[in-house]
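Remarks on the structure that follows.
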């Protein structure tokens, strides 16, 4: 396997790995699995699925963070992060990942894009990853994102209702983690890259929101985020 080329936004906003939790997820996985890679700024015109992140691997472009991870897991064989994971834990990991990516993700989107205070924090950093000609389109991008949130359903709720949904999700994540270093014991699995990515997007976004305040009440989630940063993201200290 040749060295993987990771295409994603080039910034490390607020000392976090990436604006996108899906980019953070994939890059964290690469570090956990010790897959050599080089990160380069993404050109959306080349994205095979029209979104980021995507990778170049052995002369082929691959899109979607989860599909990329599954391809790499197959190639790694016995060195794969999920090697030896029991079927029941595989099932639990899948359900947790889908909750994070298909439900909790939109709670985070709500507090970044729908609320005025969140958008004020997000907009300057988001502009940095856009090509210069598109930066004036931020109001249009926000309108499109709010429409997406409305169609998905989260955008139809009040701020208090969305916060309550997120708080219950966080309580579930905390319960599943318990007092273990990682979700399934002493070693990280692929789902840990996903959980970390979304905890980083929650703790690292510099807005005193109800969501972040709720997250901070779970000491094990705070320690989990710190543990992954200390082991795999020491370079963020210089960001």
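The values are calculated or read from the model by the stated rules, or taken from the named source; none is laboratory data. Everything quoted here is computed from the prediction, not taken from an experiment. Here the Cβ positions follow ideal geometry from the backbone for every residue, glycine too, while neighbour counts run over all protein chains shown.
Data table
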read-out	value
Members of segment 1-16 that are free of Cβ contacts under 8 Å to residues at least 60 places away in the same chain and part of a loop (DSSP other than H, G, I, E, B)	2, 3
Residue, surrounded by the fewest Cβ atoms within 10 Å (Cβ to Cβ), within segment 1-14, restricted to residues that are over 21 Å from residue 113 (Cβ atoms) and in contact with a helix residue (DSSP H, G or I) (Cβ under 8 Å, 6 or more places away or on another chain)	1
The listed residue being closer than 26 Å to residue 78 by Cβ, crowded, with 18+ Cβ neighbours inside 10 Å and not assigned by TED's automatic domain parsing to the domain that holds residue 25, out of 215, 197	197
Odd one out for residue 206, checked against (1) touching a residue at least 12 places away in the same chain (Cβ under 8 Å); (2) within 30 Å of residue 119 (Cβ to Cβ); (3) in a helix (DSSP H, G or I)	(3)
Answer from 198, 134 - the residue that is touching a helix residue (DSSP H, G or I) at 6+ places or on another chain (Cβ under 9 Å), in a helix (DSSP H, G or I) and over 14 Å from residue 104 (Cα atoms)	134
Filter pass, residue 178 being in contact (Cβ under 8 Å) with a residue 24 or more places away in the chain and under 24 Å from residue 15 (Cβ atoms)	no
Selected residue (criterion: farthest from residue 73 (Cα to Cα)) from residues of segment 35-47 that are modelled with pLDDT of 95 or more and surrounded by 14 or more Cβ atoms within 10 Å (Cβ to Cβ)	39
Yes/no for residue 180 being assigned by TED's automatic domain parsing to the domain that holds residue 206 and closer than 30 Å to residue 88 by Cβ	yes
Given (1) touching a residue at least 12 places away in the same chain (Cβ under 8 Å); (2) assigned to a helix (DSSP H, G or I); (3) more than 19 Å from residue 21 (Cβ to Cβ), number of the condition residue 228 does not satisfy	(3)
Sole residue being assigned by TED's automatic domain parsing to the domain that holds residue 91, under 19 Å from residue 93 (Cβ atoms), in contact with a helix residue (DSSP H, G or I) (Cβ under 9 Å, 6 or more places away or on another chain) and assigned to a helix (DSSP H, G or I), chosen from 163, 172	172
Residue count, segment 95-131 (criterion: outside any helix (DSSP H, G or I) and at pLDDT 95 or above)	1
Filter result (touching a helix residue (DSSP H, G or I) at 6+ places or on another chain (Cβ under 6 Å) and free of Cβ contacts under 8 Å to residues at least 24 places away in the same chain) within segment 82-118	none
Any chance residue 19 is surrounded by 12 or more Cβ atoms within 10 Å (Cβ to Cβ), touching a residue at least 40 places away in the same chain (Cβ under 8 Å), part of a loop (DSSP other than H, G, I, E, B) and not assigned by TED's automatic domain parsing to the domain that holds residue 203	yes
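Each row is one residue, and each column tells you yes or no for (1) within 14 Å of residue 191 (Cα to Cα); (2) in contact with a strand residue (DSSP E or B) (Cβ under 9 Å, 6 or more places away or on another chain); (3) buried (at least 18 other Cβ atoms within 10 Å of the Cβ); (4) modelled with pLDDT of 95 or more.
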residue: 49; (1), (2), (3), (4): no, yes, no, no
residue: 55; (1), (2), (3), (4): no, yes, yes, yes
residue: 59; (1), (2), (3), (4): no, no, no, no
residue: 70; (1), (2), (3), (4): yes, no, no, yes
residue: 76; (1), (2), (3), (4): no, no, no, yes
residue: 90; (1), (2), (3), (4): yes, no, no, yes
